[in-house]
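Notes to accompany the following structure.
None of the figures in this text is laboratory data; all of them are computed from the coordinates on show. As the structure is a prediction and not an experimental result, all values here were calculated from the model. Here the Cβ positions follow ideal geometry from the backbone for every residue, glycine too, while neighbour counts run over all protein chains shown.
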Amino acid sequence: MRLALFNKGRLGIVDGDDLVDVTEQLTGTSTPSAAGALHQHIETVARDGAVQIDLTGCARVPLDEAALEAPLPRPGKVVGAPVNYLDHKAEMEYTTSVADLGVFLKANSSVIGPGQDIVLPYTDKRTDQEGELGVVIGRTASNVDATDALDHVFGYTCVLDITVRSGEDRSTRKSFDTFTPIGPWIVTADEIPDPGSLDLRCDVGGATRQRTNTADLIFGVAELIAYTSSVMTLHPGDVIATGTPAGVGPLSHGDRVVLEIDRVGRLEVGVDGSRATPYEQRPGRRDR
């Protein structure tokens, strides 16, 4: 099942070429929480179990006429996995990987959805795209074993982990507003029994920059959940970005970034550099 937010927070199930509006049926209300209707549904399933869905009589909207939004506009937390593909480790000339570095957090305020723009902050610092498989947590996970980890997954989505190549900590360089595009929807875990065999491709400006299969992850999805849950409790609606392969590169004003993951979906966003300023003019800078 593919679940999407659309048209100012409505919750829909993708059915062929249509979105079927199930907002009230899956949330019990026409005014979902600030975290979003899909987040509310995930929490309900975690608490009460799966909800029976009857699409009879539900309003339908043609998918190509719907304004898709980030399926989780404010996830509880966004966890990133640095250097989780060997080819990316080689291209960046890192001597360490996720096994040494652990995970990092991105601000949940950095999330945007399909069709929106990544806003470049600086004119003179490179900002890169990083295409990644996103894992949406469906059950509270604390110190789970890798053999049980996939039981804690609600579903999967596409995530772009946008990064400024400057000197600050990862969580700063990756947390600018608009730096975490997510979407176009969430595919429930039953549709993807093996997240370790998905083709991924990321194009920028019509040219393919990244191409891989999740079989090449250093920490696979289950191992990554197990490790992360040993550090921090994961809650329903949290998102883990599993890491990016080789091929990261600079974004420019007017670029279109397209991330496609087999059986998950196609996420497309733009790039806006019209408001970028020189790095030396950033707030809080002090002369040394």
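Could you check what % of the DSSP bridge pairs in the chain are antiparallel, to the nearest 5? Antiparallel: roughly 85 percent of the beta bridges in the chain. Modelled label positions at ARG139 and THR123, each set 7 Å beyond Cα in the direction of Cβ, lie 5.4 nm from each other.
Classified by the C-alpha gyration tensor, segment 128-202 has a prolate form. Its axis ratio a/c, with a ≥ b ≥ c, is 1.5 or above, and a/b is larger than b/c. Taking the 0 to 90 degree range and rounding to the nearest ten, how far is the long axis of helix 37-48 tilted relative to the main principal axis of the chain, both from C-alpha atoms? The angle comes out near 60 degrees. Between GLU168 and ALA59, the simple label model (points 7 Å from Cα in the Cβ direction) yields a spacing of 4.0 nm.
If exposed means no more than 13 neighbouring beta carbons inside 10 Å and the site is in a DSSP loop, what's the longest run of the chain without any exposed GluC sites (Glu not before Pro)? Maximal segment without exposed cleavage sites: 169-288. For a paramagnetic label modelled at 7 Å from the Cα of ALA99 toward its Cβ, which residues of segment 124-165 fall within the zone defined by backbone nitrogen distances under 20 Å? Label zone hits: 145-147.
For segment 78-277, pairs of C-alpha atoms spaced more than 32 angstrom apart make up 9 percent of the total.
Highest mean first, the peptides 112-122, 51-61 sorted by other C-beta atoms within 10 Å per residue fall in the order 112-122, 51-61.
Computed over the alpha carbons of segment 1-130, Rg followed by Dmax gives 18.7, 57 Å.
Per residue, the chain reaches -3500 deg cm²/dmol at 222 nm when only DSSP H runs of four or more residues are counted, each adding -39500 (n - 2.57). Largest first, the three principal axis extents of the alpha carbons in segment 2-69 are 33, 25, 18 Å in whole numbers. Centroid-to-centroid, using Cα positions, segment 97-132 and segment 17-45 are 27 Å apart.
May I ask for the angle, rounded to the nearest 10°, between helix 221-231 and the longest principal axis of the chain, with both axes built from Cα atoms and the value confined to 0 to 90°? Helix 221-231 sits roughly 80 degrees off the main axis of the chain.
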